[in-house]
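All of the numbers you see were taken from the coordinates with simple rules; none came from a lab. Fair warning: this is a prediction, and the values are worked out from it, not measured in the lab. All Cβ positions, glycine included, derive from the backbone under ideal geometry; neighbour counts span all protein chains shown.
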Amino acid sequence: MDNTSSAKTPDIMDLSAWKQDSPVEREVMGGLGVAASAMFLERSASRTAEFSQESPHLVPAFWDSPLSHGINVFVGLVLCFTMLGLGCTVEVSQLGEHIRRPIGVLLALLCQFVIMPLVAFLLALAFSLDDVAAMAVLLCGCCPGGNLSNIMSLLVHGEMNLSIIMTISSTLLALVLMPLCLWVYSRAWINTPVVSLLPFGAIILTLCSTLIPIGLGVLLRSRYTRVADVVLKASLWSLLVTLVMLFILTGVMLGPDLLSTIPASVYVVAVLMPLCGYAAGFGLAVLFNLPPSSCRSVSLETGCQNVQLCTAILKLAFPPQLMGGMYMFPLLYALFQAAEAGLFILAYRLYRKEVLHKPDPTMDGEDITYQRFHDEDFDSSYGAVTVSDPNTIMLDPCPPDPTPV
């Protein structure tokens, strides 16, 4: 901020100066959403200190450490392996049907770029978030669907082909609709063209890391079915172990000090935002008169956001001194979206066990086993009873009556 602007604090952030004062361009280092943070001149640092007097957020040095970049690369590789496993669940014939009838593309557009940005915008206004927190929430809401939705859809016996089509479609549409959504909603907090801040390379990298593994998984399923089953199980277990390790390691490295700087209202938004997405997605699927399996997939696809891409955009587009603790919002969102989806899965499985597969009380005491039929006297007028397999009962045809007519 110059001397003329320091006398009066503007109501809306201006990030153009941050972009101009950065002597080193930020570059994508590889992996899913991995980026190196920018280096600033001393003059930019003085402006950062001036802004920090107004902002309570701390600067998370952890995000700039080699350990953080290593974790991001490792998580990116695990997610690619997971998408390979999920591609092994796709049936080519059903996938072609979804492509010919692009209901999945329409739902992806409505869920990811109409419902979720609007939910993020309304929550940020309702809880009167500051500019930095509001931009973090809005960026998360404008991101395409994440890989977690595909895994959760598999666990609730959802329509996997529809789920994967929606994930791919939302990532493709993000190249155009994500900047549009940010341009529409971000003007309440920022007066810099957000399109100039978006790292399109990270979006394209996310698209490639989704499409290529899924394509290989589909090919693997069509050629080697047994190998595909093994890859699917291994990918799910590897992701589960990685997520547990990631949350533990991040909590230990960051500690409660940084988490305590995040306002309580941001935690409430992180809880409500995926919940609203799940409910709105399910309602939209019911409105389209989709079958229950598709409704579950659309619901999970709506509430699950690509938090890896959101983190990459926050790193590439905004200085760490400016964002502070708000770098943690994508991680908070990932935690709560996974926890709420887990409750959804638990409720569905209990419902499926207790209601859908509940034994009929009218059949209590009825013996319908093979032993019952084996012990009963059969009418052999139509043939003799033979048992060649314990699980089958066959009737040999009667020989012709030798008595002439």
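Starting from the Cα-Cα distance between PHE288 and VAL176, subtract it from 0.36 nm times their residue separation and give me the gain in nm to one decimal.
Numbers: separation 112, 0.36 × 112 = 40.32 nm, distance 2.50 nm.
That works out to 37.8 nm of additional length.
Between VAL73 and ALA188, how many nm apart are label points set 7 Å from Cα along the C-beta direction?
So the label points at VAL73 and ALA188 sit 4.0 nm apart.
Quick one: which residues, 5+ away or cross-chain, put their amide H under 5 Å from the amide H of GLN305? H built at 1.01 Å from N.
Here GLY146 satisfy the definition.
Using a 10 Å cut-off around each Cβ, can you sort LEU148, LEU139, LEU180 from fewest to most neighbouring Cβ atoms?
Fewest to most other Cβ atoms nearby, the residues stand as LEU180, LEU148, LEU139.
When a footprinting reagent is the concern and you count Cβ atoms within 10 Å, what order do VAL286, VAL244, VAL298 take, fewest first? Show your work: numbers first, answer last.
On the way: VAL286 14, VAL244 10, VAL298 33.
In increasing order of surrounding Cβ atoms, one gets VAL244, VAL286, VAL298.
Figure the gain on full extension for LEU106 and LEU350 (residue separation times 0.36 nm, minus the Cα-Cα span) and round it to one decimal in nm.
Values: separation 244, 0.36 × 244 = 87.84 nm, distance 3.14 nm.
Extra length from LEU106 to LEU350 when fully extended: 84.7 nm.
Using θ = phi - 60° and the Karplus curve 6.51 cos²θ - 1.76 cosθ + 1.60, what whole-Hz ³J(HN,Hα) does each residue of the stretch 307-318 get, with Gly and Pro shown as x?
5, 5, 5, 4, 5, 5, 5, 4, 5, 7, 9, 10
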